[in-house]
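Q: Handing you this structure, nothing more for now.
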Amino acid sequence: MPTAKKTPITVVVNGQPTIVDAVSIEPLGAIIPVALRQTGNTGQPPENWELRDPDGNLLDLDKKIEDYGFPEKFRLFLNLKAGVGGNG
């Protein structure tokens, strides 16, 4: 059985970086509510956000963090999904 370990991941939320202590065996999506809480972005629920890598690629939130093999000091970018948060 895999061993859970804490992995610090820098998440940039709407331009504001925060460091999330992610658990390696959890799905990547588990870091979204933590990053939102740490940056005070509580106006939209976690499911309205998406994570991208520095190249702008959309990441699979169901994939385990350890499966990505993020290098040290790697940054992820958390932004509202297109069409969310507008005038509705």
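The values are calculated or read from the model by the stated rules, or taken from the named source; none is laboratory data. Model, not experiment: these values are computed from the prediction. All Cβ positions, even for glycine, are placed from backbone atoms using ideal geometry, and neighbour counts span all protein chains on display. Areas reflect the complete protein model, heavy atoms only, side chains present, ligands, DNA and RNA absent. Shrake-Rupley method; radii C 1.70, N 1.55, O 1.52, S 1.80 Å.
Q: Given the Cα-Cα distance of D67 and V23 and 0.36 nm per residue of separation, how much length would full extension add, in nm?
A: 14.7 nm
Q: In debye to the nearest 20, how big a dipole does the chain give about its Cα centre with +1 on each Lys and Arg Cβ and -1 on each Asp and Glu Cβ?
A: 220
Q: Separate question: If you roll a 1.4 Å probe over the chain with all protein chains in place, what percent of the accessible area is carbon or sulfur?
A: Carbon and sulfur atoms account for 49 percent of the accessible area of the chain.
Q: Give the accessible surface of the chain per residue, rounded to a whole number of Å², with probe radius 1.4 Å and ligands, DNA and RNA excluded.
A: 63
Q: Once you have a ≥ b ≥ c as the square roots of the Cα gyration tensor eigenvalues for segment 30-77, tell me rounded if a/c is under 1.5, and otherwise prolate or oblate according to whether a/b is larger than b/c.
A: prolate
Q: Pick from L59, L36, L78 the residue whose mean-square fluctuation is largest in a GNM of the chain, springs joining Cα atoms under 10 Å.
A: Its mean-square fluctuation being the largest, the pick is L59.
Q: Let me know the longest stretch in the chain that avoids all trypsin sites (Lys or Arg not before Pro) found in a DSSP loop with at most 15 other C-beta atoms within 10 Å.
A: The longest such stretch corresponds to 6-62.
Q: Say each of A4 and Q16 gets a label point 7 Å from the Cα, pointing the same way as Cα to Cβ; how far apart are those two points in nm?
A: That separation, rounded to one decimal, is 2.7 nm.
Q: Once Rh for the chain is found with the Kirkwood sum over Cα pairs, what is the Stokes-Einstein diffusion coefficient at 4 °C and 1.567 mPa s, in µm²/s?
A: D = 98 µm²/s.
Q: In the Gaussian network model of the chain, springs joining C-alpha atoms below 10 Å, which of E66, E47, E26 carries the largest mean-square fluctuation?
A: Between E66, E47, E26, it is E47 that shows the largest mean-square fluctuation.
Q: Keeping every protein chain in place, order D53, D62, D21 by accessible area at 1.4 Å, biggest value first, i.e. largest first.
A: D62, D21, D53
Q: So, one more: Under a point spin-label approximation (7 Å from Cα along Cα-to-Cβ), what is the V84-A30 distance to one decimal in nm?
A: For the pair V84/A30, the computed spacing is 2.0 nm.
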